[in-house]
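Okay, so here's the structure we're looking at.
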Amino acid sequence: MAGYIHVDHVKKIYDSGKDVVEAVSGVSFVANKGEFIAILGPSGCGKSTLLMMCGGLEPTSAGTITIDGQEVTGPRANIGVMFQDSTLLPWKTVLENILFPVKIQRRPLAAYRERALELIEMVGLHGFADMKPHQLSGGMRQRVAICRALVTNPDILLMDEPFSALDAMTRDEMNDALLDIWDRYPKTGLFVTHAIREAVYLADRVLVMTKRPATLVADIRIPFDRPRDPSINNRAEFNDTCDQLRRLIEHKRTPWSETKAA
Amino acid sequence: MKQTMAPLDLMLRPPIADRGGRSAALVLRGMKTVQFGRRIVLPCLLAATLLCAWEFGTRLAHLSPLIIVPPSAVLSVLMASYAILMQQAVPTVVETLIGFALAAAIGIMLGTALVLSRRVRQALYPHVLTFQLIPKIALAPLFIVWFGVGPTSRLSLAVFMAFFPVVISTLTGLLSADRNAMRMARAMMASPWQSFISVRVPFALPHIFAGLKVAVTMAMIGVIVGEFVTAQAGLGYIIMMASSAGDTALVLAAIILLCGFGLLLYGAVALAEWLIDRRMGVSITSSEF
Amino acid sequence: MTTGPAIRHKPSSETAYTLGLPIGLGVAVLIGWQLAVRLAGISPVILPAPSDIVQSFGGVGGELLRQGWVTGFEALFAFVLSCLFGVAAALFLGFSTVAFETFYPGLVVFQIIPKIALAPLFTFWLGIAATSRLSYALFISFFPVTLATMTGLKRADTNALRLCHALGASRLQAFVAVQIPYALPYFFSGAKVAATMSIIGIVIGEFISANAGLGYYILRAQSYSETAHMFAAILVLCGIGLLLYIIPVQAERWVRRWWWD
């Protein structure tokens with residue numbers, strides 16, 4: 001299985017004539033095959049931008065991103081993406097939405113139909129294949145988005161705060177669903193979030209980013225085996241790890257506010 | 001998405017279902033039927049009342065037939081001169097349809113072109129907007145100067161009037177495509193053409209149809225004004241002729257026929273919109289009627 | 001998409017494009033027009049050059065202003081009346097459900113039909129004086145205002161209305177406090193349409209019962225083959241149309257600033 005991501009001193013600069021904003025300042029890390037990596041940080045710290053660059057949807061201003069040895073210059077067929085907004089096409093059914101990438105990439109529809117139906121079953125949307133998105137709840141729509149991201153069996157899954165718009169209970173359900181999927185179809189994953197507990201629950205490694213400058217300040221390995229279940233939420237190591245991450249985020253915030261005041 | 005317009009008092013009254021029980025559900029259903037019935041009966045009552053008032057009012061008040069004639073007289077003229085009226089309706093309707101079709105085709109193409117090139121859009125769009133806002137009808141005599149009194153001038157006026165709403169609505173519609181959906185398509189390796197056809201265009205359809213509905217009425221108006229001024233053929237011509245001859249009944253008959261065709265053509269576009277609605281399974285109908 | 005500094009266009013150059021391109025295009029068209037007419041020797045009866053049109057302003061500028069004043073004033077009058085009547089009708093229909101259900105279908109029908117077909121009727125009934133033009137212009141401008149305002153009244157936020165009900169407000173109080181402010185943007189969009197419609201109505205009236213105004217002037221110029229004068233009159237008419245359109249636009253801005261402050 002491919003899916004080895006190498007991010008090397010990547011920067012992203014926005015120059016609007018009036019301000020020059022460094023959205024991402026020199027981030028480097030390596031994602032190994034099959035690793036689920038959470039990118040954690042407060043809002044506006046450039047983590048979404050970093051994800052977009054990994055997916056080839058935004059160009060880097062400096063540095064390179066290579067996937068499986070090849071530099072990323074644009075979107076790739078072996079990368080699946082999920083956004084905060086499920087972005088399902090309202091006029092297509094659930095099944096048609098899931099098969100949309102298959103159609104776009106001109107793969108044989110018949111071959112992938114089976115897989116799409118399997119995925120629908122797996123995420124618990126049995127019977128909803130012919131429904132339209134407006135008939136589904138937010139959580140259900142994100143499940144369809146997961147199926148769509150998985151249908152072409154990508155090596156890498158990039159997820160930009162996919163569950164942030166959902167209510168707390170649905171979010172927990174979706175986290176469990178994602179863990180399930182990961183057990184069955186292991187891939188390399190980059191998952192952007194600002195929820196510390198979610199990051200620890202889902203990931204093998206957590207990369208902590210801060211803003212201004214938008215850099216990586218830590219790379220924490222999560223000490224839990226897979227398969228995971230909700231009981232790990234109560235374990236001491238879980239809360240310790242969460243505390244550690246929280247301190248990392250806040251610690252890095254303080255020097256900046258002092259500098260600001262000066 | 002369609003918005004339902006609930007009458008104000010029904011929104012403010014406490015829900016009947018709160019009073020509990022199966023009888024409540026029956027009452028609710030009864031109320032809904034009454035409400036639905038009212039929506040049909042009341043306007044019909046209004047129309048009937050107005051017609052009666054018109055009929056008996058004109059007869060009783062002995063108004064000069066040069067001013068107004070009772071609807072019965074209009075009806076009899078309509079039936080008597082049916083052949084001539086329909087014969088004259090043909091050029092009007094045909095010119096409207098051709099004008100509309102041309103305006104729609106050119107308008108959609110130009111609207112699409114404006115979406116594809118930002119620079120072209122910046123250069124052309126302000127001019128398009130300006131043309132939309134000016135009283136385009138004032139240019140009717142100009143078209144006569146250029147194209148004479150034949151169907152060309154009427155047709156060009158119709159296209160001129162119908163074209164701008166289509167361009168503007170097509171452009172607005174295509175630009176209204178959900179950004180995230182477009183980005184997602186790009187992430188899936190869609191080519192620019194695929195993104196355009198599979199994502200942008202369906203999002204644009206409600207706007208485009210709104211523009212087409214305006215365009216069909218505008219095309220007809222252009223043709224009618226053309227007929228008023230060129231006075232050659234068509235229902236507009238009949239109206240002018242009958243006016244100067246003092247034949248009020250014929251004037252009214254021609255007007256009613258013209259309005260009827262106007263409604264029919266508008267209805268045809270609305271029907272097309274409804275059919276596509278059904279095929280796509282979402283409400284693309286624009287929020288107006 | 002390769003790596004490289006992500007340069008976004010600086011705002012100043014962007015404004016240059018936004019203004020420069022359309023203006024540049026307009027100028028280019030004018031120059032092309034002038035050259036084409038002169039070089040191809042096109043008769044000024046068919047297509048006068050821009051310089052001819054400017055010249056006619058010098059010649060008949062005074063009369064254009066006079067006729068323009070007539071047309072403009074009548075259009076303004078029709079516009080204001082249509083807004084007043086339109087709002088009154090919308091308020092009545094918005095408040096009374098029975099009235100709404102009775103009249104709404106008729107309103108829609110009248111909005112859709114080619115009202116131009118009824119223009120001769122107004123001349124028929126009201127003669128060739130200004131009254132017929134004004135009533136026709138009022139007739140065609142009235143419906144957009146009514147329908148738009150009514151849509152706004154109906155769309156009032158259900159939650160805000162529920163709040164009113166919870167607070168014990170009467171229907172009238174809810175109507176005034178929630179629905180009317182909510183309907184304002186809709187009213188303004190209807191008013192913008194009415195601004196264009198009222199001048200169209202006046203011009204059509206002048207075409208039919210021509211005895212004054214720019215519409216009449218255009219027809220007269222056409223009969224004398226004075227195409228340059230026609231163009232000049234059309235330009236003045238367009239100017240009036242745009243001025244009239246600015247009224248609801250500015251009124252909306254003013255209301256927003258005053259209300260939303």
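At-a-glance table
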quantity	calculated
Elements of type helices (runs of 4 or more DSSP H) in segment C:168-250, at least 3 residues being touching a residue at least 60 places away in the same chain (Cβ under 8 Å)	C:180-208, C:213-223
Of residues in segment B:231-249 being surrounded by 24 or more Cβ atoms within 10 Å (Cβ to Cβ) and in a helix (DSSP H, G or I), the one farthest from the other protein chains (Cβ to nearest Cβ)	B:Ile238
One residue from C:Gly241, C:Gly190, C:Gly213, C:Gly201 being out of contact with any Phe, Trp or Tyr (no Cβ under 6 Å at 6 or more places or on another chain), among the small types (Gly, Ala, Ser) and within 10 Å of another protein chain (Cβ to nearest Cβ)	C:Gly241
Tally of residues being touching a residue at least 12 places away in the same chain (Cβ under 8 Å) and either among the aromatic types (Phe, Trp, Tyr) or on the phi > 0 side of the Ramachandran plot (or both) across segment C:74-102	5
Top-ranked residue in segment A:5-35 [being more than 10 Å from chain C (Cβ to nearest Cβ) and not in a strand (DSSP E or B); ranked as surrounded by the fewest Cβ atoms within 10 Å (Cβ to Cβ)]	A:Asp19
Failed item, numbered, when B:Ala204 is tested on (1) buried (at least 23 other Cβ atoms within 10 Å of the Cβ); (2) touching a Phe, Trp or Tyr at 6+ places or on another chain (Cβ under 6 Å); (3) within 14 Å of chain A (Cβ to nearest Cβ)	(2)
Candidates A:Ala168, A:Ala129, A:Ala199 - the one that is farther than 25 Å from A:Asn233 by Cα and modelled with pLDDT under 95	A:Ala129
Test: residue in segment A:70-83 that is within 14 Å of chain C (Cβ to nearest Cβ), under 28 Å from A:Cys242 (Cβ atoms), buried (at least 20 other Cβ atoms within 10 Å of the Cβ) and in contact (Cβ under 8 Å) with a residue 12 or more places away in the chain	no
Criterion (part of a helix (DSSP H, G or I) and modelled with pLDDT under 90) met by exactly one of A:Asp180, A:Asp225	A:Asp180
Search result, residues across segment A:100-124 that are away from chain B (no Cβ under 14 Å) and buried (at least 20 other Cβ atoms within 10 Å of the Cβ)	A:Ala116, A:Leu119, A:Ile120, A:Val123
For A:Ile67: the one exception among (1) in contact with a strand residue (DSSP E or B) (Cβ under 8 Å, 6 or more places away or on another chain); (2) surrounded by fewer than 17 Cβ atoms within 10 Å (Cβ to Cβ)	(2)
Flag if A:Thr210 is touching a Phe, Trp or Tyr at 6+ places or on another chain (Cβ under 9 Å) and over 15 Å from A:Cys54 (Cβ atoms)	yes
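The values are calculated or read from the model by the stated rules, or taken from the named source; none is laboratory data. Since this is a predicted model, take the numbers as computed values, not measurements. Because the Cβ atoms are built from the backbone with ideal geometry, glycine has one as well, and the counts that use them run over all protein chains shown.
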